[in-house]
Ligand SMILES: NC(=O)c1ccc[n+]([C@@H]2O[C@H](COP(=O)([O-])OP(=O)(O)OC[C@H]3O[C@@H](n4cnc5c(N)ncnc54)[C@H](O)[C@@H]3O)[C@@H](O)[C@H]2O)c1
């Protein structure tokens, strides 16, 4: 019997694989037998990718060029690259949302039946119901400059960019599933709590050390490890997850469930 977690015979694309979750994911996909792993990043990775394409996910021309170079088939696209608010709200929206949308659109015709688009979102996007209408409006815009203009005109919603960007990724995942499944292509997201990666100091700077520590404390008491997030991403992209689509899967040690059921003690939450 074929192992449904196997990536043998698959050609996959991973964005943001120089470090952290993406790096751990590439190691795992290689162990799981992926035929070809194409890595897109601004820094050249040392993990076992088979091809590196230098690509700034905040630059539409670079994304178009990378997509043309990748061609097809792409069995699984892992949209993992992400930056924190210290790089500015509009840059965050470009890399975390507009670039992700553009690469996905550019490659979607190359994703065959049984393929998948797997996003790294975040529990930072759990407040999406507050902005659903605005996000649906933003996601209906095709043009890069108009997307950027929309974000620039709504600082009261976009705020520092990070939480809003991950709300967008969670809604995108739910929104695109219906059309994609007609082509038998799935889309899903992993939504991690704070992960022990090189990005964590940026979150400590922008969200406050106390807030990041409090979130981890209210989850399991520890940070999620990049390999644990990679395990979920690899599962979601594999045939083992063949009926999973349009879903944002929390990997947060029970944090969001605790919030929804009133078991998180917000009186201990540090001021932002
Ligand atoms: N670290 C956390 O606490 C945490 C929590 C939830 C979700 N996430 C998400 O996990 C994903 C991976 O982040 P990570 O924690 O592994 O951090 P990381 O900084 O280790 O990884 C981010 C990767 O993206 C690459 N990158 C940065 N800017 C880029 C750009 N403009 N174009 C292309 N690549 C670029 C980096 O070089 C790096 O390889 C991100 O989407 C992040 O938002 C992180």
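Observations on the model:
- Any hit, segment 31-39, residues being touching a residue at least 40 places away in the same chain (Cβ under 8 Å), touching a helix residue (DSSP H, G or I) at 6+ places or on another chain (Cβ under 6 Å), surrounded by fewer than 24 Cβ atoms within 10 Å (Cβ to Cβ) and in a loop (DSSP other than H, G, I, E, B): no
- Residues being in contact (Cβ under 8 Å) with a residue 60 or more places away in the chain and crowded, with 17+ Cβ neighbours inside 10 Å - total across segment 191-210: 9
- Flag if residue 73 is under 29 Å from residue 235 (Cβ atoms) and more than 15 Å from the ligand (Cβ to nearest atom): yes
- Count - residues of segment 64-91 that are over 20 Å from residue 23 (Cα atoms) and within 16 Å of the chain's Cα centre (by Cα): 2
- Count of residues meeting criterion [within 11 Å of the ligand (Cβ to nearest atom) and surrounded by 17 or more Cβ atoms within 10 Å (Cβ to Cβ)] in segment 40-58: 9
- Residue 111 vs. criteria outside any loop (DSSP other than H, G, I, E, B) and more than 21 Å from residue 194 (Cβ to Cβ): no
- Which listed residue is crowded, with 24+ Cβ neighbours inside 10 Å, within 16 Å of the chain's Cα centre (by Cα) and more than 30 Å from residue 207 (Cα to Cα), from 21, 26, 12: 12
- Top-ranked residue in segment 232-250 [being in contact with a helix residue (DSSP H, G or I) (Cβ under 7 Å, 6 or more places away or on another chain) and in a helix (DSSP H, G or I); ranked as surrounded by the fewest Cβ atoms within 10 Å (Cβ to Cβ)]: 235
- Flag for residue 188 being touching a residue at least 40 places away in the same chain (Cβ under 8 Å) and outside any helix (DSSP H, G or I): yes
- Test: residue in segment 133-153 that is within 16 Å of the ligand (Cβ to nearest atom) and either within 15 Å of the chain's Cα centre (by Cα) or under 30 Å from residue 217 (Cα atoms) (or both): no
- Sole exception among (1) in contact with a helix residue (DSSP H, G or I) (Cβ under 6 Å, 6 or more places away or on another chain); (2) at pLDDT 95 or above; (3) crowded, with 21+ Cβ neighbours inside 10 Å for residue 219, by number: (2)
- With respect to being at pLDDT below 95, more than 14 Å from the chain's Cα centre (by Cα) and not in a helix (DSSP H, G or I), residue 253 falls outside the description.
- A single entry from 12, 21 fulfils the requirement of being within 21 Å of residue 235 (Cα to Cα), within 11 Å of the ligand (Cβ to nearest atom) and not in a loop (DSSP other than H, G, I, E, B): 21.
- Checking each residue in segment 92-111 for being more than 12 Å from the chain's Cα centre (by Cα), touching a residue at least 40 places away in the same chain (Cβ under 8 Å) and closer than 22 Å to residue 247 by Cβ picks out 103, 107, 108, 111.
- Selection status of residue 121, near the ligand (Cβ under 10 Å from one of its atoms) and over 27 Å from residue 201 (Cβ atoms): no
- Consider segment 154-177 and keep the residues that are more than 19 Å from the chain's Cα centre (by Cα) and in a helix (DSSP H, G or I). The one that is surrounded by the fewest Cβ atoms within 10 Å (Cβ to Cβ) is 156.
- Of all residues making up segment 124-142, the number that are in contact with a helix residue (DSSP H, G or I) (Cβ under 9 Å, 6 or more places away or on another chain) and in a loop (DSSP other than H, G, I, E, B): 4
- When 63, 53 are screened for being part of a strand (DSSP E or B), in contact with a helix residue (DSSP H, G or I) (Cβ under 6 Å, 6 or more places away or on another chain), modelled with pLDDT of 95 or more and over 17 Å from residue 115 (Cα atoms), only 53 passes.
The values are calculated or read from the model by the stated rules, or taken from the named source; none is laboratory data. In this text the structure is predicted, and so the values were computed from the model without any measurement. Note: ideal-geometry Cβ built from the backbone for every residue, glycine included; neighbour counts use all protein chains shown.
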